[in-house]
Every structure is written in structure tokens, then in C-alpha cells.
Amino acid sequence: MTATLDLSRFEGIDLERLIADAALQTRVDRKYVLTRDAAARVVASLDARTLVLDTAGARSFRYESVYFDTPDLLSFRMAAQPRRRRFKLRTRTYLDSRTAFLELKTRGARSATVKDRVEYPASDRRRLTEMARDYAAEGLDSIGVGGRRADDLGVRLTTRYRRATFVSADRAARATVDVDLEWDDVAGPVLTTPHLVILETKSPAAASDVDRVLWRAGHRPVSISKYATGMAALHPHLPRNKWARLLRGPFAGALLHSPDSVRSPITRKEETSCADAA
């Protein structure tokens, strides 16, 4: 039986306070891939003064990200190969509140990473409007890729998961724990990892309390991108050396499904609700 994460022992913090208390301008992100059982032990070991995001009694929230790429997978290939220039374009939808954003992450020749996002209609989250393509073109131009490539961008992969967000006792760091991970490929197959958790810490340069708990338990940061690693797992012919250890290890137990077997009536109802709310 897979362990569940016990969030009940922590004091809750609302979104407004979380943003005010834990707004990290300069930060170091570290990602870990754990089994659900290991993640449950880590959460149980956290300082009792740790806070957890709480909205009207809910402490975990449903996310959906839709990633856009060119037919020749330019975004994926730039991430898979040792290139300084890269970009990632996605819509992120908070399914519980039915709000969405268009997010662009770029890295130029000097290795400076820029993250930007704008509000976006939830009903348009699986397509790029004219405004969205202009937004993407400007970002691609900024790293020397060429804004014209924005015209080639289309839906490639959708990820869904449930997230809990923690704030450290000293309010200096936060961590997210993603469960029920699912990758829905535009070409058909769906990959799920019911046994895995992706945990990410966000802190100033020094390691956070959560990092130290993870290290004491023998867990170390890994290089993982939900988009690129998911694509490599779904398509073995794609470049995969960067994530080979993950794919041979934790992701070896991933399950492949037909789209209809995973996209339940509940999921379809959520999609309709987002469209109606936009």
C-alpha cells in the first residue's frame, strides 16, 4: 500500500501571506524524485512549525500545464543537448480556481534564466492566440532563436498533478510536493507514475531545512524537467542521455495507457468547466 502525505499536523497559511512571507527574488531551486513512501517519511520529519498552503480547508491543489513546441521539437532538443540557449512555453492552469497563465522561460547565451508570465484565458490554454504568439516571438527573439519560430509552435504535451506547498519555519524557503503525476502526449499515449513524487525546494543560496531532511535520508537533487523528461520517457528514440539515470531508475516503473483509459468523465468535466468559466 502506498503511503499518503499527512498535512494535517501543520498550521495553514493562505496564499496572500505565503506570497508576502516567502517571496524569493534570488533563489536556488533543487528537485528530487522520491517514492511516495519516502516522501511521506520526509514530510513526517519536517519541523512542526512548517506551514502548508491552505485555501478554504484544501491543502493540495490540481495543476495542468500544456507545453508548446515546434514540429521538430526545438524546445525539447535545446533542453536535451548542452546548449546555453533554450526556451520553454506553456500554459499553467490552476484547475480548482479555474485560472490560467501563459508562461515563458528563456535562457540566453550568458546563461541568465528569465521567467515571465501573463494571465491567460483558461478556455484558450490548449492553443496559442495571436497575443500569445507575439509574446512568444518576443521571448525567442531575445535569445537569438528568431521570433518567426513562434508561428510553428503547437501543443505537444500536457502534464497534470496535485501539489502541496510548504513554507519553512523561518519563512526563508518553500517547497512543493507533486503527486498523481500524469503526462498526456499529443500523439496518443499517456504516462503515469503513481509511485513517484517530485519534490522541489526553493531557497536562498544556502540549503533549506527541507533539503537537509532529504540529504539526511540519502536523497540528492536531480536534473528533471516535467516536459523534457516526460517526452524522453514517452519516446525512447529521442535524445535521453541527460535523464538516463532517472529513466532507468524511478521512471522504470512508469505506466503507459491509452488516452481514453486515463481521461475519465471527471477530467472531461473539469475541462468543460474551465471553458465555461473563461
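Things to note:
- For the range 206-229, residues that are part of a helix (DSSP H, G or I), buried (at least 18 other Cβ atoms within 10 Å of the Cβ) and in contact with a helix residue (DSSP H, G or I) (Cβ under 9 Å, 6 or more places away or on another chain) total 6.
- Entry remark, the range 74-92: residues being within 17 Å of Arg133 (Cα to Cα) and not in a strand (DSSP E or B) number 2 in total.
- If you filter the range 78-92 down to residues that are of a type in the set (A, V, I, L, M) and touching a helix residue (DSSP H, G or I) at 6+ places or on another chain (Cβ under 8 Å), you find that the one that is surrounded by the fewest Cβ atoms within 10 Å (Cβ to Cβ) is Ala80.
- Among the residues listed as Val186, Val179, Val118, the single one being of a type outside the set (Gly, Ala, Ser), over 30 Å from Leu53 (Cα atoms) and out of contact with any Pro (no Cβ under 6 Å at 6 or more places or on another chain): Val186
- Qualifying position, being under 29 Å from Glu16 (Cβ atoms), touching a His at 6+ places or on another chain (Cβ under 9 Å) and not in a loop (DSSP other than H, G, I, E, B), among Leu181, Leu199: Leu199
- With respect to the conditions (1) crowded, with 16+ Cβ neighbours inside 10 Å; (2) modelled with pLDDT under 95, Thr26 falls short on a single one, namely (1).
- Candidates are the residues of the range 52-77 that are buried (at least 22 other Cβ atoms within 10 Å of the Cβ) and touching a helix residue (DSSP H, G or I) at 6+ places or on another chain (Cβ under 9 Å); the one that is farthest from Leu246 (Cα to Cα) is Leu53.
- Condition met for Arg17 (over 15 Å from Ala175 (Cβ atoms) and at pLDDT 95 or above): no
- Qualifying positions in the range 140-159 - of a type outside the set (A, V, I, L, M, F, W, C), touching a Leu at 6+ places or on another chain (Cβ under 8 Å) and either crowded, with 20+ Cβ neighbours inside 10 Å or without any contact (Cβ under 8 Å) to a residue 12 or more places away in the chain (or both): Gly146, Gly147, Arg156, Thr159
- Of all residues in the range 93-138, those being touching a helix residue (DSSP H, G or I) at 6+ places or on another chain (Cβ under 8 Å), part of a helix (DSSP H, G or I) and in contact (Cβ under 8 Å) with a residue 12 or more places away in the chain number 8.
- Only one entry of Ala169, Ala206, Ala217 meets the criterion of being among the small types (Gly, Ala, Ser), in contact (Cβ under 8 Å) with a residue 12 or more places away in the chain and over 25 Å from Lys242 (Cα atoms), and that entry is Ala169.
- Applying the set (1) among the small types (Gly, Ala, Ser); (2) under 27 Å from Leu153 (Cα atoms); (3) part of a helix (DSSP H, G or I) to Ser65 leaves exactly one unmet item: (3).
- Residue match in the range 96-106 (condition: basic (Lys, Arg), out of contact with any Pro (no Cβ under 8 Å at 6 or more places or on another chain), under 26 Å from Glu138 (Cα atoms) and modelled with pLDDT under 95): yes
- Residue check: Gly146 meets all listed conditions (1) closer than 24 Å to Asp29 by Cα; (2) modelled with pLDDT under 95 but one, namely (1).
- Residue in the range 156-170 that is of a type in the set (Asp, Glu), assigned to a strand (DSSP E or B) and over 14 Å from Leu102 (Cα atoms) present: no
The values are calculated or read from the model by the stated rules, or taken from the named source; none is laboratory data. Given the structure is predicted, the values throughout are model-derived calculations rather than measurements. Ideal geometry is used to build each Cβ from the backbone, glycine not excepted, and the neighbour counts take in all protein chains shown.
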